[in-house]
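Sharing a structure with you now.
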Amino acid sequence: MRGPAAWIVRGAAGALTAVALGHTLWNGLAEPGVALAFGILITIGELARRDQGCRPGPTDRRPAPLASAGALAYALLGQNAGQPTHHGVLQVVVVVVAAALAGIVPHVARGHAPAADHVARRVLTVAFAAVCFQPLYNSGRLEERVGQGPYLVLFLLCLLGLTALCDAVLAALLAGARTGWPYGPLLRDELRAQLGIGSAICATGVVMALGVAGAGLWALPVFSVPLLLTQMSFHRITAIRTTYRQTITSLARATEIAGYTPPGHARRVAELSCAVGRELGLSERELTVLEYAALMHDIGQLSLVDPVPDGATAVLPAAEARRIAGLGGEVARQTGVPPEVAVVVERQAEPYREQPVAARIVRAVNAYDDLVGGDRHPSGSLAALEELRLGTGHDYQPEVVECLARVLARGGRDRVVPVPPG
């Protein structure tokens with residue numbers, strides 16, 4: 001589902017691209033050799049993009065860093081081997097869009113094309129950087145005020161900081177329009193992501209622009225190598241995290257295979273818990289812990305001789321529920337998951353005032369799925385939510401129950417968007 005913000009961003013990017021294309025066709029390319037070199041770099045960066053896994057996240061975590069760095073470098077380019085360049089903002093937009101579209105053709109052929117939001121963000125972010133730099137440079141005011149020394153570098157770093165902020169704002173806006181999740185946590189997560197590979201992209205963009213200004217276009221391949229190595233490391237880490245999550249998911253299914261819990265119970269609890277966590281404003285790191293704990297919340301039932309009927313721990317006596325949760329925490333620790341995950345699994349059956357936030361969410365969502373999954377509430381989710389509300393004095397945090405109700409009201413359990421890998 002697309003909100004009006006997404007259409008506004010797309011429309012602005014499309015209108016800007018159309019104007020830039022018309023202007024460039026009418027006036028021709030300035031320094032076509034420079035434009036071609038940066039266009040090839042951006043195309044190679046898009047070709048090096050890795051297709052995302054089976055669980056895309058709410059926002060685009062910069063899957064093509066070399067292309068992003070090359071686009072920023074072209075937007076901030078003032079000289080080529082000591083000679084002034086004369087390309088303007090509109091030419092920057094045309095080169096970036098044309099190169100990006102050329103680079104994503106193979107991905108389209110494989111059915112893994114990047115979202116249109118990615119292209120729109122790239123256009124508007126690069127246009128922002130170019131608007132802040134090119135008019136100042138071409139008019140001569142930038143050189144008069146900061147010169148060509150360290151003050152220029154400082155100016156470019158400040159400008160890239162503002163550009164990164166612009167990109168984060170756009171990414172969070174588009175993700176919020178697409179998912180309906182709160183804007184504040186999405187923006188916070190995007191700003192944190194800028195400190196990782198985002199900072200490497202910005203630094204490489206500045207170095208490329210300054211390198212070409214002093215040494216010419218030969219600087220482009222030289223300064224591309226470190227970012228390519230960084231991109232390879234980033235993809236390796238992402239692959240490890242994906243494998244790790246798949247391992248935890250397989251372990252969580254052990255209770256279903258053994259007949260202790262209904263099929264799909266762990267997955268449903270994990271997806272719905274992450275949606276509630278988003279509603280409460282948890283960070284990506286907290287959501288990852290929450291997801292792992294929700295997947296493993298019933299692992300303690302494997303220690304039981306006789307299975308709990310329907311695997312519904314929510315209806316057990318408090319002492320028995322705490323005993324099973326404690327056993328689950330011990331099993332979780334043996335699997336090597338982060339310690340916070342084992343704590344959440346272990347404390348999920350305690351009164352909510354004594355629990356961490358993630359344990360409060362898992363307890364409420366698990367109880368909801370238990371109630372709607374069996375014969376205890378044939379009338380469905382409304383009756384289950386009412387029972388949860390009746391237990392808010394001791395068992396369930398009122399804020400968590402109300403967030404759960406809002407998530408269900410927006411789309412229901414089966415339409416919850418899962419959290420991306422951490």
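Rolling a 1.4 angstrom probe over the protein chains, ignoring ligands and nucleic acids, what is the accessible area of Cys158 in square angstrom, nearest 10?
80 Å²
I've got another one for you. Compute a Gaussian network model of the chain, connecting alpha carbons closer than 10 Å, and tell me which residue from Ala75, Ala213, Ala349 fluctuates the most.
Comparing Ala75, Ala213, Ala349 in the GNM, the peak value goes to Ala213.
Semi-axes of region 104-231's equivalent ellipsoid from the Cα gyration tensor, sqrt of 5 times each eigenvalue, largest first, rounded to whole Å?
29, 20, 14
Rounding to the nearest 10 and keeping the result within 0 to 90°, find how far the Cα-based axis of helix 318-334 lies from the longest principal axis of the chain.
40 degrees
Further question: Please check: in the Gaussian network model of the chain (C-alpha springs, under 10 Å), which one of Gly103, Gly391, Gly328 has the largest mean-square fluctuation.
Highest fluctuation of the listed residues: Gly391.
Also: Could you work out Rg/(2.2 N^0.38 Å) for region 192-339, with Rg from alpha carbons only?
Numbers: Rg = 22.7 Å, N = 148, 2.2 N^0.38 = 14.7 Å.
Compared with the compact-globule rule of thumb, region 192-339 sits at 1.55.
Using only alpha carbon pairs under 8 Å that are at least six residues apart, calculate the relative contact order of the chain and give it in whole percent.
Details: 580 pairs, mean separation 67.2, N = 422.
RCO, the chain: 16 percent.
For the chain, what does the helix formula give at 222 nm: sum of -39500 (n - 2.57) over DSSP H segments with n ≥ 4, over the residue count, nearest 500 deg cm²/dmol?
Values: 19 runs with 292 residues, N = 422.
The helix contribution divided over the chain gives -23000 deg cm²/dmol.
Additional query: Just to be sure I understand: if I project the alpha-carbon convex hull of the chain onto a plane and average over all orientations, what area do I get in nm²? Numbers along the way, then the final one.
Values: hull surface 89.7 nm².
In nm², the orientation-averaged hull projection of the chain is 22.4.
So how tilted is helix 381-390 from the main axis of the chain? Cα-based, degrees 0 to 90, rounded to 10.
Around 70 degrees separate the two axes.
Go through Arg333, Arg353, Arg268, Arg10 and list them by solvent-accessible area, largest first, probe radius 1.4 Å. Spell out each step's value before the answer.
On the way: Arg333 105, Arg353 155, Arg268 45, Arg10 70 Å².
Reading off the accessible areas and sorting them downward yields Arg353, Arg333, Arg10, Arg268.
In the neighborhood of Val337, defined by Cβ-to-Cβ distances under 13 Å, what is the net charge if each Lys or Arg adds +1 and each Asp or Glu adds -1? The partial results should precede the final answer.
Values: positive: Arg241, Arg245, Arg333; negative: Glu291, Glu330, Glu340, Glu346.
Result for the neighbourhood of Val337: -1.
Going by alpha carbons, how many degrees (0 to 90, nearest 10) lie between the helix axis of 32-47 and the longest principal axis of the chain?
The angle comes out at about 20 degrees.
At what distance in nm do the modelled label points of Met232 and Arg145 sit from each other, each positioned 7 Å from its Cα along Cα→Cβ?
Each label point lies 7 Å from its Cα, and together they span 4.2 nm.
So, counting K/R as plus one and D/E as minus one, what does the shell of residues with Cβ under 15 Å around Ala213 add up to?
Numbers: positive: none; negative: Glu31, Glu143.
That sum, taken over residues with Cβ under 15 Å, equals -2.
If you add up the charges near Val95, with Lys and Arg at +1 and Asp and Glu at -1, over every other residue whose beta carbon is less than 14 angstrom from its beta carbon, what do you get?
Numbers: positive: Arg122; negative: Glu31, Glu46.
Net of charged neighbours comes to -1.
If you don't mind, another one. Of Phe38, Phe234, which has the most accessible area and how do the rest follow, probe 1.4 Å?
Values: Phe38 0, Phe234 70 Å².
Ranked from most to least accessible, the order is Phe234, Phe38.
Convex hull over the alpha-carbon atoms of region 318-390: what's its volume per residue in Å³? Intermediate values should be presented prior to the final figure.
Values: hull volume 7.0 nm³, N = 73.
Residue-normalised Cα hull volume stands at 97 Å³.
Per the Kirkwood formula on distinct C-alpha pairs, the Rh of region 72-151 is how many angstrom? Intermediate values should be presented prior to the final figure.
Working: mean 1/r = 0.0709 Å⁻¹.
The answer is 14.1 Å.
The values are calculated or read from the model by the stated rules, or taken from the named source; none is laboratory data. Please read all numbers here as calculations on a predicted model, not as lab measurements. In this analysis, Cβ positions are derived from the backbone assuming ideal geometry, glycine residues included, and neighbour counts consider all displayed protein chains. Areas reflect the complete protein model, heavy atoms only, side chains present, ligands, DNA and RNA absent. Shrake-Rupley method; radii C 1.70, N 1.55, O 1.52, S 1.80 Å.
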